[in-house]
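Asker: First the structure, which I've put down as structure tokens, then a few questions once you've had a look.
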Amino acid sequence: MSDDQPSRAGIAADGPATLPLPLAGQAPQERADAARNRNRLLDAAARLVARHGAEHVTMDAVAAAASVGKGTVYRRFGDRAGLMLALLDHAERTFQEAFLAGPPPLGLGAPPRERLHAFGTAAIRHEIRYRDLYLAAEQKPARRYAHHPPRDVHALHLTTLLRAAGVTGDIELLVEALLGYLDVALVNHLHTQRGMPMERIEAGWTDLVDRLLR
């Protein structure tokens, strides 16, 4: 499956999910032990980013947190930029797994309204946790909407949930409005520069969804 066009079957409201690799292209098949080790390193890096911010995370710190030698981290990711790119990819995949195939209310089994509420809340918290990485990976405005696989997956998921909830009208533009609310730069601006508490931003998402579903 190309990462240019996520599978619509994978964004079903209920059913199996097929996850695209959103950022780095299709990785070669790994042995199970190699994949486990890679995930262990990325999980350690994610904890450090959440605690200290991406700009303060070093290869040495990741190696120490994962209880491996620094050379192991360099062999796995090449350099710090490679680690950050892999971590962003890992974070996006983990988020996608949660809303496409995880437990309710974010994942399968909950009514569309509850899943919409949960998706926005989870997206806002996810973006704040990894905002340094997402903001650093922001594309130029001219390319921002033309090719953005993670955003495409989110759009297809929201489209499916709005249709399942019986929303009518121009679904495509309604989805763009919802995605605009969840823009990483906007969420960061509201929370960091304007000092809005997370609870207020999340409540605003819930109110927006409820207005659309009336």
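The values are calculated or read from the model by the stated rules, or taken from the named source; none is laboratory data. Model, not experiment: these values are computed from the prediction. All Cβ positions, glycine included, derive from the backbone under ideal geometry; neighbour counts span all protein chains shown. Only protein heavy atoms, including side chains, enter the accessible area calculation; ligands, DNA and RNA are left aside. Shrake-Rupley method; radii C 1.70, N 1.55, O 1.52, S 1.80 Å.
Asker: Show me the ranking of peptides 162-175, 51-64 by mean Cβ neighbours inside 10 Å, starting with the highest.
Answerer: Working: 162-175: 13.3, 51-64: 15.5.
The packing order, highest mean first, is 51-64, 162-175.
Asker: Here is a further query. If the convex hull of the alpha-carbon atoms of the range 42-152 is projected onto planes in all directions, what is the mean projected area in square nanometres? Mind dumping the intermediate values first?
Answerer: Numbers: hull surface 31.8 nm².
With the hull built on Cα positions only, its mean projection is 7.9 nm².
Asker: Report the charge-dipole magnitude of the range 156-208 in Debye, nearest 20, computed about the Cα centre from +1 at each Lys and Arg Cβ and -1 at each Asp and Glu Cβ. Don't skip to the answer; put the middle values down first.
Answerer: On the way: 3 positive and 7 negative charges, 22 e Å.
Computed about the Cα centre, the dipole is about 100 debye.
Asker: For the range 106-214, just run the numbers: alpha carbon Rg, then divide by 2.2 N^0.38 Å, N being how many residues it has. Intermediate values should be presented prior to the final figure.
Answerer: On the way: Rg = 13.9 Å, N = 109, 2.2 N^0.38 = 13.1 Å.
This ratio for the range 106-214 stands at 1.06.
Asker: Using the heavy atoms of the protein chains and a 1.4 angstrom probe, tell me the accessible area per residue for the range 33-185 in square angstrom.
Answerer: Here the residues of the range 33-185 average 48 Å² of exposed surface.
Asker: Under a point-charge model restricted to the Cβ atoms of Lys and Arg (+1) and Asp and Glu (-1), what is the dipole moment magnitude of the range 77-214 relative to its Cα centre, in debye to the nearest 20? Walk me through the intermediate numbers first.
Answerer: Working: 16 positive and 17 negative charges, 23 e Å.
The dipole of the range 77-214 has a size of about 120 debye.
Asker: Hey, any idea what % of the range 21-137's accessible area is carbon plus sulfur with a 1.4 Å probe? It would help to have the intermediate numbers written out before the result.
Answerer: On the way: 3060 of 5740 Å².
Percent of accessible area from carbon and sulfur atoms in the range 21-137: 53.
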